[in-house]
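The values are calculated or read from the model by the stated rules, or taken from the named source; none is laboratory data. Here the structure is a predicted model, which means the values were calculated and not measured. A quick note on method: Cβ atoms are made from the backbone with ideal geometry, for glycine too, and the neighbour counts reach across all protein chains shown. Heavy atoms of the whole protein, side chains included, go into the accessibility calculation; ligands, DNA and RNA do not. Shrake-Rupley method; radii C 1.70, N 1.55, O 1.52, S 1.80 Å.
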Amino acid sequence: MMTAGRPADSGLVGPGELDRYTYAESTGTPRVTTNAPAWESSEADVNRVGRRAAGNRGRGLHGQLVQQLGQMIVSGDLGADRPLVPEEIGQRFEVSRTVVRESLRVLEAKGLVSARPNVGTRVRPVSDWNLLDPDIIEWRAFGPQREGQRRELSELRGTIEPLAARLAAEQGRDEVQQRLAEMVEIMRHALGQGDNLTFSRADAEFHGLLLQSAGNRMLEHLSGIVASALQVSGGPASGCELLTESAVEHHRRVVEALSEGDGTEAESAMRQLLAVHPETPAQSPASSAGSAAAGQQVPSGAAPGADHVVPAPREH
């Protein structure tokens with residue numbers, strides 16, 4: 001899942017069915033992280049990889065170990081140039097050599113570790129990581145680099161999405177405009193219901209679909225990454241993610257410009273939609289709803305370093 005994100009289910013809904021809008025199922029049971037370093041955990045935590053496998057059927061120990069080690073590397077618990085000894089990992093997490101070997105290969109493909117003869121496997125510096133990898137985006141969103149990633153994602157979106165809106169207007173695809181208009185109506189309905197999660201997911205599909213419809217394969221490649229980032233970015237960095245009538249209206253203006261084939265207006269409307277609002281709270285609709293669903297209280301002004309509910313690992 002390393003080259004493109006996972007687009008949301010785009011099944012159409014009929015009249016009166018906006019509150020039953022279909023999305024892809026959650027990747028698994030939310031998980032709570034701790035700030036304890038990997039090799040210094042208590043004995044009760046040491047074999048948590050094995051215990052969690054039962055709660056994520058189909059993921060397996062391999063996916064669990066990738067998730068565990070990846071989070072620890074990204075959080076800094078396993079710092080740059082830290083040696084990763086397969087035998088030690090296998091003993092600590094009670095998994096086979098094959099599971100450890102395959103997990104380290106996945107992490108190497110993401111740029112997190114490197115394996116060399118006579119040197120072994122070591123953690124690589126941040127400059128070598130594939131920061132557009134959806135898993136790394138997710139892990140950074142729940143670690144100490146959370147705020148830096150939010151800023152970087154906001155800057156990336158501010159660059160590519162206005163361009164995508166202009167190109168999409170020039171493409172003039174009626175079916176895309178219809179689907180985008182449906183997303184606006186879903187957001188409007190979610191606003192009236194106070195449904196933050198549906199609003200957030202419809203917003204993610206709106207922006208992902210817009211990138212896909214620009215007629216540019218490189219922008220299309222980024223669409224899933226943007227959609228993934230929107231779901232885990234950790235907070236509303238722009239006007240489009242706010243559950244307000246103004247946000248819905250800005251989305252509507254983009255769709256209107258597309259329907260008129262006005263690339264300049266579509267680009268301008270998207271820039272206004274993505275305008276940064278630093279005064280907004282740090283808790284995103286998606287993360288708020290996710291925390292509520294997990295039965296967790298999200299304290300006002302909680303520090304990003306506190307324990308978070310982290311999405312379950314993807315299949316690798």
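Remarks
- Scan of the stretch 198-217 for residues that are open to solvent by 10 Å² or more (accessible area, probe 1.4 Å) and touching a Phe, Trp or Tyr at 6+ places or on another chain (Cβ under 9 Å), ordered by number: Thr198, Arg201, Glu205
- Flag: Arg82 matches the condition of being touching a Lys or Arg at 6+ places or on another chain (Cβ under 8 Å) and among the basic types (Lys, Arg).
- Of the residues making up the stretch 113-131, those that are touching a strand residue (DSSP E or B) at 6+ places or on another chain (Cβ under 7 Å) and aliphatic (A, V, I, L, M) number 3.
- Of everything listed in (1) within 29 Å of Glu147 (Cα to Cα); (2) surrounded by fewer than 20 Cβ atoms within 10 Å (Cβ to Cβ); (3) in contact with a Pro (Cβ under 8 Å, 6 or more places away or on another chain), the single unmet condition for Met72 is (2).
- Taking the stretch 165-214 as the range and being closer than 13 Å to Ala266 by Cα and of a type in the set (S, T, N, Q) as the test, the residues that pass are Gln171, Gln177.
- Flag: Thr159 does not match the condition of being β-branched (Val, Ile, Thr), without any contact (Cβ under 8 Å) to a residue 40 or more places away in the chain and either on the phi > 0 side of the Ramachandran plot or not in a helix (DSSP H, G or I) (or both).
- Of the criteria (1) farther than 27 Å from Ser268 by Cβ; (2) in a helix (DSSP H, G or I); (3) over 16 Å from the mean Cα position of the chain (by Cα); (4) not β-branched (Val, Ile, Thr), which one Ser114 fails: (2)
- The residues of the stretch 95-121 that are among the polar types (S, T, N, Q), under 14 Å from Leu65 (Cα atoms) and open to solvent by 20 Å² or more (accessible area, probe 1.4 Å), listed by number, are Ser96, Thr98.
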